[in-house]
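J.: Here it is, the structure, as structure tokens.
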Amino acid sequence: MPTISNKGIAMPQSPIRKLVPYAEDAKKRGTKVFHLNIGQPDIKTPKVALDAIKNNDIEVLAYSRSEGSEEYRTKIAAYYAKNDIHVSATDIIVTTGGSEALLFTFGSIMDAGDEVIIPEPFYANYNGFSTASGVKVVPVISKMEDNFALPPIEEFEKLISPKTKAILICNPGNPTGYLYSKEEIQKLAAIVKKHDLFLIADEVYREFAYDGLTHYSVMQEAGLEENAIVIDSVSKRYSMCGARIGCIVSKNKDFMATALKFAQARLSPPTYAQIASEAALETPQSYFDDVIEEYVERRNTLVSELQRIDGVRVANPKGAFYCIAELPVESADDFAQWLLEKFDLNGKTIMVAPAAGFYSTPGIGLNQVRIAYVLNKEDLITAVTILKEALKVYNA
């Protein structure tokens, strides 16, 4: 019988999606499932983006350039300039989502057996991208009691080896919602320059910064031109997850020339989605002001409701739309499955993402879940009530 590759066998399941069959079975039984497990915003996609597709008169849906259309990349550069990030269209490669941007980046800067240091917990698919690329993730643990702030820079220094090629951060963070300060970015900048490493920053949640804080990009740090790589996406910013449009941004010419070869191998990013994404750049600031206000209210609602449950600890996110909650259970995996298979409150249950899948260190985060506050406030209150009652039954 033909055999599967070792790489395929090692490829991790998504902690976000692996419980989907149980959720579908619950729905078939007539149970309403509140989805707290996935970062799919319920915020409406900007009308200007949808209209660009509806009103388009394309007669031949042709390939675009491998790096994305020049017009779109020029407009992306203008968007960055408004955020005090000064790049040109040639510093940008449009990709099929941020996921492809990460795969191209890993393939361009690392060989099999090389290492990337990542503060954990981190976006679960970083494990998958590293496995697909034959790269080893070296974790440095951030702690809930520190609100998942950047670990001491000395902890990074201890982990750097001859095989280390990069440090990867998500800012603001998925799954923690932590927003790195300018000072923390500068500490990372100093260490990657000292050891001649790349600093990869996944900045897809750039707009989602709360409590008067502002996002500081690695591309704003002077002297980091050869080291900094930004991963970006329209998915969360414009509530356009299905468009699958992202980009790589870097001033390192050798890196960009290499990443372009990967882009050429897959031919081009999707044309219609680029049209929608280009139009989305015209979204007025009022859209983001309203969205930020809504997410702050949701965050405050979720955190305050969770803090009322005995035995639950929760970090307070300053960005994105996720938080990590520690539950009074031994296995969040088992509890999450039980919620879908065996529990409902008045015909309703919840779906959460077990947080162990957001770590690469074995045995860490086993009693934690990631919660995405992408539901309206009333639904969030209902969902936390379900969680509270479920814990009473589960621990009885």
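The values are calculated or read from the model by the stated rules, or taken from the named source; none is laboratory data. Bear in mind the structure is a predicted one, so any value in this text is a computation, not a measurement. Virtual Cβ from ideal backbone geometry, glycine too; neighbours counted across all protein chains shown. Side chains included, ligands, DNA and RNA excluded: accessible areas come from the protein's heavy atoms. Shrake-Rupley method; radii C 1.70, N 1.55, O 1.52, S 1.80 Å.
J.: For region 56-190, state what percent of all Cα-Cα pairs lands in each successive 5 Å bin, counting from 0 Å until the bin that includes the largest distance.
T.: That works out to 2, 9, 15, 17, 18, 17, 12, 6, 3, 2, 1, 0, in percent per bin.
J.: Can you work out the accessible area per residue across the chain, with the rest of the protein chains kept in place, probe 1.4 Å, in square angstrom?
T.: Per residue, the chain has an accessible area of 44 Å².
J.: Relative contact order of the chain, please, whole-number percent, based on alpha carbon pairs below 8 angstrom and at least 6 residues apart.
T.: Relative CO of the chain lands at 25 percent.
J.: Using a 1.4 Å probe on the protein heavy atoms, what percent of the accessible area of region 316-396 belongs to carbon and sulfur?
T.: Numbers: 1420 of 2980 Å².
Percent of accessible area from carbon and sulfur atoms in region 316-396: 48.
J.: For the pair Ser181/Val60, report the inter-label distance in nm, with labels modelled 7 Å from Cα in the Cβ direction.
T.: It is 5.7 nm.
J.: Measuring from centroid to centroid over Cα atoms, what is the spacing of region 105-154 and region 228-288 in Å?
T.: 22 Å
J.: Kindly state, as a whole number, the per residue volume in cubic angstrom of the convex hull around the alpha carbon atoms of region 14-95. Each step should come with its number before you reach the end.
T.: Details: hull volume 17.3 nm³, N = 82.
So the per-residue hull volume is 211 Å³.
J.: Restricting attention to the alpha-carbon atoms of the chain, what are Rg (one decimal) and Dmax (integer), both in Å?
T.: 21.0, 64
J.: So, in Å, what gap is there between the alpha-carbon centers of region 183-200 and region 369-384?
T.: Each part reduced to its Cα centre gives a spacing of 36 Å.
J.: Still on this structure: Set the Förster distance to 45 Å, then compute FRET efficiency between Gln285 and Met1 from the Cβ-Cβ distance, nearest 0.05.
T.: 0.15
J.: Here's a follow-up. Per 10 Å bin from zero, what fraction in whole % of the C-alpha pairs of region 192-270 is there, up to the bin with the longest pair?
T.: P(r) for region 192-270, in whole percents per bin: 16, 41, 33, 10, 0.
J.: If I model a spin label at Asp254 and Asp211 as a point 7 Å from the Cα along the Cα→Cβ vector, what separation in nanometres do I get?
T.: My value for the distance between the label points is 4.1 nm.
J.: Also, quick follow-up: Once whole DSSP H runs in the chain are found, which of them have Cα atoms spread over 24 Å or more along the helix axis and a mean Kyte-Doolittle score of at least 1.0? All intermediate terms of the calculation are to be shown ahead of the outcome.
T.: On the way: long enough: 285-306 (31 Å, -0.65); 377-394 (25 Å, 0.42).
In the chain, no H run is both long and hydrophobic enough.
J.: Evaluated at 25 °C with a viscosity of 0.890 mPa s, what Stokes-Einstein diffusion coefficient in µm²/s does region 156-239 have when Rh comes from the Kirkwood expression over alpha-carbon pairs? Please report the intermediate quantities before stating the final value.
T.: Numbers: Rh = 13.4 Å.
After rounding, the answer is 183 µm²/s.
J.: With the cut-off at 25 Å, tell me which of the pairs Lys187/Lys236; Lys7/Lys143; Lys163/Lys253 have Cα atoms farther apart than that. Can you show the working numbers first?
T.: Details: Lys187/Lys236 27 Å; Lys7/Lys143 30 Å; Lys163/Lys253 22 Å.
Result: Lys187/Lys236; Lys7/Lys143 exceed 25 Å.
J.: Then there's this: Less than 14 Å apart at the alpha-carbon level, and either on another chain or at least 8 residues along: which aspartates and glutamates does that give for Lys165?
T.: Asp111, Asp114, Glu115, Glu157, Asp196, Glu226
J.: Which three extents, in angstrom, do the Cα atoms of region 262-380 have along their principal axes, listed largest first?
T.: Reported extents, whole Å, longest axis first: 48, 38, 30.
J.: Here's something else I'd like to know. On each of the three principal axes of the Cα atoms of region 342-396, give max minus min coordinate, whole Å, ordered largest first.
T.: 37, 30, 14
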